[in-house]
1. Run through every distinct alpha carbon pair of segment 5-63 and return the Kirkwood hydrodynamic radius in angstroms, one decimal place.
2. Taking 7 Å along the Cα-to-C-beta vector as the label spot, tell me the residue 61-residue 29 distance in nanometres, rounded to one decimal.
3. What's the magnitude of the charge dipole for the chain around its Cα centre, counting Lys and Arg as +1 and Asp and Glu as -1 at the beta-carbon? Answer in Debye, nearest 20.
4. Modelled label-to-label distance, residue 20 and residue 42, 7 Å Cα→beta-carbon offset: nm?
Amino acid sequence: MTGQIVGYVRVSAADQNPQRQHEALGECSRIFSDTMSGRSRAKRNGLAELIAYVRDGDTGLLHR
C-alpha cells in the first residue's frame with residue numbers, strides 16, 4: 001500500500017506568504033503550517049497535527 005505525501009511549512013511572521021514554500025513542496029495530499037519564529041519555544045500546532053495525522057507508509061516533506 002502506498003502512503004500519502006504530506007507537507008509542513010513554517011513562516012516566521014504573519015505578514016510573510018507561505019505560498020512559495022507550498023509550491024516548493026509540490027503535490028501533497030495535505031499541507032500543515034505554522035506562523036512563528038524559529039527561536040520560539042511555543043508549541044507548533046501545525047507540526048503536532050501533521051505528526052498525529054501521518055500513518056505508516058506516509059512521507060512527510062518539510063520546508064522552512
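1. Details: mean 1/r = 0.0845 Å⁻¹.
Result for segment 5-63 stands at 11.8 Å.
2. Spacing of the two 7 Å Cα→Cβ label points: 1.4 nm.
3. Its charge dipole is roughly 340 debye.
4. So the two model labels end up 2.3 nm from each other.
Values quoted throughout were computed directly from the atomic coordinates according to the rules given, and no laboratory measurement underlies them. As the structure is a computational prediction, the values presented were derived from the model and not from experiment. Cβ coordinates were reconstructed from backbone atoms using ideal geometry, including for glycine residues, and neighbour counts include every protein chain displayed.
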